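J.: Below is a structure I'd like to ask you about.
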Amino acid sequence: MASKAKQDIITFKVDESLSEAMKGIQNRSAFIRDAVLNALENGCPLCMGTGVLTPDQKRHWERFALKHSIKECPDCHAYHIVCEENNEKESSPETKRSNRKTRGRRRDE
């Protein structure tokens, strides 16, 4: 006989407007479970979806941000983090010369 995984019951309060908005949802438990899982999977890895950094996280972020920036992708318009050190290396004269020398060669040469 297969054993079922133990399930916990979690309850929470909602305000009247949210309660009204959820009245038409047939399986509210499944809806809430899916929403929570989606939020956990797609939350910011730094603030864990809270939208707020702790003072220690902010200190680390400020140091990280010295060499990184947030840019908008020209194709899909999503914002993403770009390492400025990589951009400097890619645009440096040495890298450009090196790229010209290796252009057209096989990687294993």
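The values are calculated or read from the model by the stated rules, or taken from the named source; none is laboratory data. From a predicted model like this one, the values you see are computed outputs, not experimental measurements. Cβ atoms come from the backbone with ideal geometry, glycine included; neighbour counts cover every protein chain shown.
J.: Enumerate the helices (runs of 4 or more DSSP H) found wholly within the range 1-75, keeping only those where 1 or more residues are modelled with pLDDT of 90 or more, farther than 24 Å from Asn86 by Cβ and assigned by TED's automatic domain parsing to the domain that holds Asn86.
T.: The qualifying helices (runs of 4 or more DSSP H) are 55-65.
J.: Here are the criteria: (1) under 28 Å from Phe12 (Cβ atoms); (2) surrounded by 12 or more Cβ atoms within 10 Å (Cβ to Cβ). Tell me which single one Leu40 does not satisfy.
T.: (2)
Per-residue answers, yes or no, for (1) free of Cβ contacts under 8 Å to residues at least 60 places away in the same chain; (2) touching a strand residue (DSSP E or B) at 6+ places or on another chain (Cβ under 6 Å); (3) farther than 18 Å from Ile10 by Cβ; (4) hydrophobic (A, V, I, L, M, F, W, C):
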residue: Arg28; (1), (2), (3), (4): yes, no, no, no
residue: Asp56; (1), (2), (3), (4): yes, no, yes, no
residue: Arg59; (1), (2), (3), (4): yes, no, yes, no
residue: Glu72; (1), (2), (3), (4): yes, yes, yes, no
